[in-house]
Amino acid sequence: MLAIPQSPLPENLLPVLAAGAVALILLGFLVLVVKRYKRCPSNQILVIYGKVASGQSARCLHGGGAFVWPLIQDYAFLSLDPMQIEIPLRGALSAENIRVNVPSVFTVAVGTEAAVMQTAAIRLLGLDPRQVMKQAEDIILGQMRQVIASMTIEDINRNRDKFLDSVQNSLTPELEKIGLVLINVNITDITDESGYIEAMGRKAASEAIQSAEIDVAQQQKRGSIGVAEAKREQDVLVANADKVREIGTKEAEREKLVRLAELARDAGIGKSRADLEQQSAIKDQERQMRVQVADAEAAAVTGENLARAKVVDAEAALKVRQAEAYQIAESRKREADAKVREAQYLAEARAADAMATKIESEQRAELEAAAKAQKARIIVDAEAKAEQVKLAAQAEAAATFAKLEAQARGEYEILAKKAEGLQRLVEGCGGAQQAFQLLLLEHLPQMAETAAKAIANVKFDKVVVWDGGAGNGGKNATAGFLQGLAGSLPPLLQMMRDIGGVEMPAYFGKLAESPSAMPAPAASAAAPAPAAAPAQAATKTAPKA
C-alpha cells in the first residue's frame, strides 16, 4: 500500500478544536433542554410518568411547564374539555315501586384538584373520550337508580332542587374515583308508566284554573264596585257643579233685575222731578206775565177811565167778575194738575209694586229652583245608592255563582272518578251482577251492625205468647207461625244466593224441584214440634203475668 504521509497539526489549532467541541456539546445540551421542556396548556393536564418522586406513579401539572428527562421519563396530556353524556333512564323503580322514566343529560370533565388529577392519570390516561364516557355512563346509571329508589314520585316531580342535590351528592364521590367531576345535571323530563304524574298535573291545573276563576270573579267584583263608586262620585260632582252654576246664574239675574229696577226707579224719580220743576217754572212765568199784564191793564184802564166813572165802575165790576172767573179757572186747573200728579204718583207706586212683586216672584222662583236642585240631588244620591246596592248584589251573586260552580266541578270530578272506579270494578268482576254481589258482601257487616244497633237498647223482660188453642188441622197458632217461618227460609236463602252469591248450609233447607216433589206436611211440621211445649208453657204462665 502506498502510505500517505500525515502532516502533524499545528499546535495553534488544538485550542480551537477543543473550543468547537465544547460549543457543540453545549449547543446539543441546549437543544435537548429546549425540546424536553414541556409547557401545559390551560385546557389540558400534563402527566409526567416514569421515574418521578418516590411513592408516586405520575406527576400532574395544570398550567406552567416542567422538564421531562429523556430515557427515564415521558409525558402525556389529559384533556379538560367537558363531555356531555345522555342518560336515557327508563323504568327506574321509585319508593312507591312505580316505574319512572327520567331522561337526562350530564356534563362531566377531568378534575383539576391534585388528588383528582392523580386519580385521572391512573384511571383515564391513554383512553379515548368514548371509553371515558362509557365508564361515566355506567356509574351515573347506577347512582340515578339508587337516588330514585330512595324518593317518592311526588318529591321527584315537585322538589327538583332536592332531587338534583341528591343526584350530585351521590355522583360526586363516585366520579372522583375515576378522576372526573360533575359540572351540570339537566333533567329533560320525568314521566311514569302509570300516569300518576300526569294525574297530578291535571289536578294542579284544575286547582290553578279554579283559583284563577275565583281571582277573576273577585277582580270583576272590585271593578264593578269601583265603577259604581266612580259613577256616583261623578254624578255628585256634576250635580254640585250644576247647582253652583244655576245658583250663580240666578244670583246674576237677580242682581241684574235689582239693578235695572233701581235704574228705572231713579230715572222715573228724575223725570218726575224735572217735570215738576218745569211746570213750576212755567207757572211762575205765567203768573209774572199775568201780573205784568194785569198791572199794565190796570194802569191803562185807570188812565183811560179817569174821566169816565161809570165806565170805570162797569169795568171794575167786569174785572171783579173776570178775577173771580180766573180764580175759579186757576183753582180748577191746579186741581187738575194735582190730580194728574196724583195719577202719576199712583202709576209710579203701582210700577214700584209691580217691580217688587216681580222681584219677589223671582226670589220665589230662585228658592223653588234651589229646592228643585236639592230634590234632584237627593234623587241622584238615592239612585246612586240604589245602583251601588244593585252592583254589590250582582257582585255577591257572581261570587256565589263562582263558588257553587267550583263546588259543582269538584263534586263532578268526585262522581266521575267514582263512576270510573265502579266501571273498572264491573270490568274486573266480569259483569254488573258479580260486582253487585261483591259490593253486597262488602257491606253485609255494616248492614248487620246497623240492624243490631236498631234493637240494641230494647230490653225484653219476658215474652208472653197468647195462643187461642188448636185451630185447623189440630195445630195451634204458635205451631203455625213456626211452621210458616221455617217454610220461608228456603226462598230467602235462594234469594240471597241469586243476589249476593252466598251459599248457605244445607240444613237450613232448600227449594223443591217441582210442586209434586215437595216433602209431606208432616216433615215440615216435625221441625217446629219441639217448640210446641214452650208455647204451651208460655200460655200457662200468661195468667200469672
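Some observations on this one:
- Lone unmet requirement of (1) surrounded by fewer than 16 Cβ atoms within 10 Å (Cβ to Cβ); (2) in contact with a strand residue (DSSP E or B) (Cβ under 6 Å, 6 or more places away or on another chain); (3) not in a strand (DSSP E or B) for MET144: (1)
- The lone exception for ILE269 - which of (1) within 60 Å of the chain's Cα centre (by Cα); (2) among the hydrophobic types (A, V, I, L, M, F, W, C); (3) modelled with pLDDT under 85 it fails: (1)
- Any hit, the range 94-101, residues being assigned to a strand (DSSP E or B), more than 48 Å from the chain's Cα centre (by Cα) and touching a residue at least 24 places away in the same chain (Cβ under 8 Å): no
- Restricting attention to the range 11-56, the residues that are over 26 Å from MET83 (Cα atoms), at pLDDT 75 or above, of a type outside the set (D, E, K, R) and in a loop (DSSP other than H, G, I, E, B) add up to 2.
- Residue check, GLN394 without any contact (Cβ under 8 Å) to a residue 40 or more places away in the chain and polar (S, T, N, Q): no
- Cross-chain or 6+ apart pairs with Cβ under 7 Å, the range 242-263 first and in contact (Cβ under 8 Å) with a residue 24 or more places away in the chain, then of a type in the set (Phe, Trp, Tyr) and part of a helix (DSSP H, G or I): none
- Of all residues in the range 249-280 being among the aliphatic types (A, V, I, L, M) and farther than 21 Å from LYS339 by Cβ, the one that is surrounded by the most Cβ atoms within 10 Å (Cβ to Cβ): ALA261
- GLU154 being acidic (Asp, Glu) and not assigned by TED's automatic domain parsing to the domain that holds ARG90: no
- Odd one out for ALA343 among (1) of a type in the set (A, V, I, L, M); (2) free of Cβ contacts under 8 Å to residues at least 60 places away in the same chain; (3) surrounded by 11 or more Cβ atoms within 10 Å (Cβ to Cβ): (3)
- Members of the range 102-141 found to be surrounded by fewer than 13 Cβ atoms within 10 Å (Cβ to Cβ), among the acidic types (Asp, Glu) and outside any loop (DSSP other than H, G, I, E, B), listed by number: ASP138
- Lone unmet requirement of (1) assigned to a loop (DSSP other than H, G, I, E, B); (2) closer than 30 Å to ASP155 by Cβ for GLY63: (2)
- Flag for ASP189 being at pLDDT below 85 and part of a loop (DSSP other than H, G, I, E, B): yes
The values are calculated or read from the model by the stated rules, or taken from the named source; none is laboratory data. All figures in this text were calculated on a predicted structure; none of them were measured in a lab. Because the Cβ atoms are built from the backbone with ideal geometry, glycine has one as well, and the counts that use them run over all protein chains shown.
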